[in-house]
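Working notes, structure below.
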Amino acid sequence: MRTAAAVLRKDLRLELRTREAVPAMALFALTTFVIFHFGLDRRSLEGELAAGVLWVTLLFAAMLGVNRLFVAEREQGGFDAFLLAPVDRTAMFAAKAAGLFAYLCAVELVAIPAFVVLLLGPGPGAAFPELLLVLVLANAGVAVVGTLAGALAIQTRARDLIAPLVALPLLVPVVIASARATAPLLAEAGAGAFPAKWPLILALYDVVFGLLAYAVFDYLLED
Amino acid sequence: MSALELRGLGRAYGERVALREVSLTLEEGRTLVVFGPNGAGKSTLLRILGTLLRPHAGEVRVLGDELPGDAWRVRGRVGFLGHDPLLYRDLSARENLRYFARLYGARETRVDALLGELDVLGRADEPLRTLSRGTVQRIAVCRAVLHEPDLLLLDEPTANLDPAAAELVAPLLARGTRVVASHDPERGLHDADVVLGLRGGRAEIAAPAAQVDVADVRRLYG
Amino acid sequence: MLYGKGLRPLALASAVTLTAAFALVFFYAPLDADQGFIQKIFYVHVPMAIVALLGFVAGGVMAVMHLRTGDRRWDMRSYVAIHLSLVLAVGVLITGAIWAKGSWGHWWVWDEPTLVSFLIVFLLYATYQPLRFSIEDPERQARYASVFAIVAGAFVPLNFLAVRMAESLAHPRVLSTTGGAMPGEMRLTFYLSLLGMALLFVTLWKYEMASKQTSMQLRALRRKLSGEEPPLSVGRSAAPRVTLPARPER
């Protein structure tokens with residue numbers, strides 16, 4: 001735990017200093033909203049379409065963060081220095097997943113208000129707590145699977161291509177559940193009924209992949 | 001107890017064999033100097049001893065513990081200084097060393113003491129990418145000795161340093177048991193208690209330093 | 001283990017079973033009341049899908065064995081299983097499309113959850129080879145491929161669950177894939193087809209393993225002939241040295 005906190009603090013400090021991931025992710029999300037506006041030729045979106053645009057954008061923005069996640073470790077010897085330390089290897093996974101989770105939250109702080117202003121027809125208003133719940137659960141899933149995919153891809157020759165190719169199919173259930181859960185919240189006729197099964201699926205997904213990644217991550221660091 | 005015991009050590013990368021049948025013993029407090037041309041297996045040997053690579057054949061004991069099985073007990077007791085400084089370019093010297101102090105379980109007060117000793121305190125808060133290679137190398141030395149390791153694994157530790165800086169670093173790296181990879185026969189032999197000469201992954205020389213002369217070492221490169 | 005052993009009887013058994021299954025499909029199994037002749041593709045499509053999915057999961061289990069034992073032969077087994085399942089998966093998607101066109105009039109239907117799940121699984125496994133062959137160090141390649149195989153293997157059931165919950169079952173499903181609601185003749189034919197497909201998979205798996213083993217031995221012999229040094233002998237602390245299916249890179 002202490003190790004994971006140290007690695008996380010180091011990562012956040014690096015990100016604050018270099019600003020390599022979060023600003024690019026946020027900018028990417030904004031640009032994608034604009035592109036959706038022209039691509040769909042719609043002034044405003046609501047319901048399923050709004051949920052779909054939101055989640056596709058967030059997911060693709062997350063892929064940028066996934067690609068950056070391990071670059072400093074690989075290129076500046078962070079992996080070796082970490083492996084020389086008498087610490088639990090899984091701390092690296094916990095720290096990276098927590099870091100990606102924080103990046104996603106930071107991006108959403110910008111992207112969600114922008115989405116509401118630029119594209120969303122009905123205001124989210126009353127459905128805000130539910131939306132927050134879905135965001136947190138989905139971010140956790142994306143963080144876990146994204147970290148795993150980033151770690152899998154970092155030693156490959158075409159790592160920027162491999163990471164999204166691996167992560168996106170794995171994240172299809174997250175998109176399904178998040179989009180389905182969000183759609184009624186963004187409906188034109190005011191927030192519809194919030195189906196409880198989708199947050200449950202997201203939570204189940206987070207737990208299963210969290211445990212799985214925890215179990216296999218060590219093998220990605222060994223040599 | 002011997003600090004190092006290798007018996008028939010081998011390591012391959014796929015089909016390319018990098019080390020083959022390397023055997024030697026090193027007593028505690030002694031210095032092993034490893035000579036050999038590029039690609040002879042020096043770095044591979046150091047990485048195996050540092051638990052960064054698994055041995056593929058033979059037996060390896062480091063500080064009494066067998067690798068790779070007991071590698072976790074060896075970690076934190078070796079100081080590793082390779083070609084790369086293993087430091088984050090965008091963090092300052094102090095931030096880097098504080099981070100590694102936490103990972104390696106070293107006292108944080110040691111960070112400033114070491115930085116002072118190597119005369120980099122003045123630039124301790126600048127990102128490493130703004131510093132010269134020599135300065136970064138000095139900070140890398142700090143990282144390697146931060147946790148007062150029992151065994152130092154050094155890959156040409158003074159390659160990027162000017163003579164004055166090399167002098168500054170010397171006392172920090174002159175303690176405990178050492179394995180030093182070197183390209184400099186005269187200096188290397190001067191430091192060595194035991195010599196290992198590698199060529200094509202094989203041990204051409206494995207003898208006490210007293211029985212080896214400069215010509216023997218030069219022959220490895222011929 | 002010699003993979004070539006028993007290959008001939010096994011190949012014979014798969015050929016006989018598959019021929020018998022096809023004979024049943026065309027001359028014994030009744031025509032489906034609603035769909036007519038096109039429904040017969042079911043006897044290829046569904047067994048192929050089941051065998052492919054089992055192959056993916058088996059690849060995951062073999063990958064677990066690889067990581068647990070450090071024995072690289074398990075990785076090769078896992079690789080061959082996933083590789084063959086991928087080939088079958090292409091067949092599943094094609095036959096599925098033909099079936100959809102025949103009975104619903106569209107090449108692709110999004111509200112058939114099993115087919116959609118299968119597509120997602122296929123897309124995921126399609127990255128297995130690019131991932132694997134863009135890692136240079138063979139040992140790391142084996143380890144990373146195993147991690148992928150385990151995660152993907154666990155993903156298969158979870159994905160089916162999520163997709164099934166998402167799709168409303170708009171089309172009445174004429175046949176339950178479990179075979180429970182089928183008339184006896186159909187069920188017999190289906191099970192024989194499934195058995196034939198499974199035998200075919202095992203035969204191909206063994207065949208590819210035998211071929212890889214042989215080419216490896218050939219390479220070792222050639223190396224010995226040309227006077228090169230032998231690969232490292234097996235040490236106490238080391239995993240048995242097996243060279244991976246080498247693929248010409250570039």
>> Go through (1) under 22 Å from A:Ala21 (Cα atoms); (2) within 14 Å of chain C (Cβ to nearest Cβ) for A:Pro173 and report which single condition fails.
In response: (1)
> What do you reckon, is B:Glu66 in a strand (DSSP E or B) and either open to solvent by 10 Å² or more (accessible area, probe 1.4 Å) or more than 10 Å from chain A (Cβ to nearest Cβ) (or both)?
Replying inline: yes
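Being in a helix (DSSP H, G or I) and either more than 12 Å from every other protein chain (Cβ to nearest Cβ) or in contact with a Leu (Cβ under 7 Å, 6 or more places away or on another chain) (or both): is that true of A:Val144 here?
no
With respect to C:Leu53, determine if the residue is closer than 30 Å to C:Asp34 by Cβ, touching a residue at least 60 places away in the same chain (Cβ under 8 Å) and more than 14 Å from every other protein chain (Cβ to nearest Cβ).
Yes: the conditions hold for C:Leu53.
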> Limited to the stretch A:9-20, what total is found for residues that are surrounded by 20 or more Cβ atoms within 10 Å (Cβ to Cβ) and more than 9 Å from chain B (Cβ to nearest Cβ)?
Replying inline: 2
>> If B:Arg107 meets every condition in (1) over 16 Å from the mean Cα position of the chain (by Cα); (2) within 19 Å of B:Asp150 (Cβ to Cβ); (3) within 14 Å of chain A (Cβ to nearest Cβ) apart from one, which number is that one?
In response: (3)
> In the stretch A:210-219, which residues are closer than 16 Å to C:Ser146 by Cα and either under 18 Å from the mean Cα position of the chain (by Cα) or not in a helix (DSSP H, G or I) (or both)?
Replying inline: A:Leu212, A:Ala213, A:Tyr214, A:Phe217
> What are the residue pairs meeting all of these: first residue in the stretch B:7-21, first residue more than 16 Å from C:Ala142 (Cβ to Cβ) and at the interface with chain C (Cβ under 8 Å from one of its Cβ atoms), second residue among the hydroxyl-bearing types (Ser, Thr, Tyr) and open to solvent by 60 Å² or more (accessible area, probe 1.4 Å), Cβ atoms under 9 Å, and 6 or more apart or on different chains?
Replying inline: B:Gly8/C:Ser233; B:Gly10/C:Ser233
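Residue-by-condition table, conditions (1) at pLDDT below 95; (2) among the aromatic types (Phe, Trp, Tyr); (3) more than 29 Å from A:Val174 (Cβ to Cβ); (4) out of contact with any Phe, Trp or Tyr (no Cβ under 6 Å at 6 or more places or on another chain):
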site	(1), (2), (3), (4)
C:Thr95	yes, no, yes, yes
C:Gly102	yes, no, yes, yes
C:Trp108	yes, yes, no, yes
C:Asp111	yes, no, no, yes
C:Ser117	yes, no, no, no
C:Arg132	yes, no, no, yes
C:Arg140	yes, no, no, yes
> Quick one: in the stretch C:165-174, which of the residues that are at pLDDT 50 or above and more than 10 Å from chain A (Cβ to nearest Cβ) is nearest to the chain's Cα centre (by Cα)?
Replying inline: C:Arg173
>> Out of the residues in the stretch C:137-164 meeting the condition of being without any contact (Cβ under 8 Å) to a residue 24 or more places away in the chain and more than 7 Å from every other protein chain (Cβ to nearest Cβ), tell me which one is farthest from C:Ala49 (Cα to Cα).
In response: C:Leu161
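The values are calculated or read from the model by the stated rules, or taken from the named source; none is laboratory data. No experiment lies behind these values; they were computed from the predicted model shown. Neighbour counts are summed over all protein chains in view; Cβ atoms, including those assigned to glycine, are modelled from backbone coordinates with ideal geometry. Accessible surface areas use protein heavy atoms only, side chains included; no ligands, DNA or RNA. Shrake-Rupley method; radii C 1.70, N 1.55, O 1.52, S 1.80 Å.
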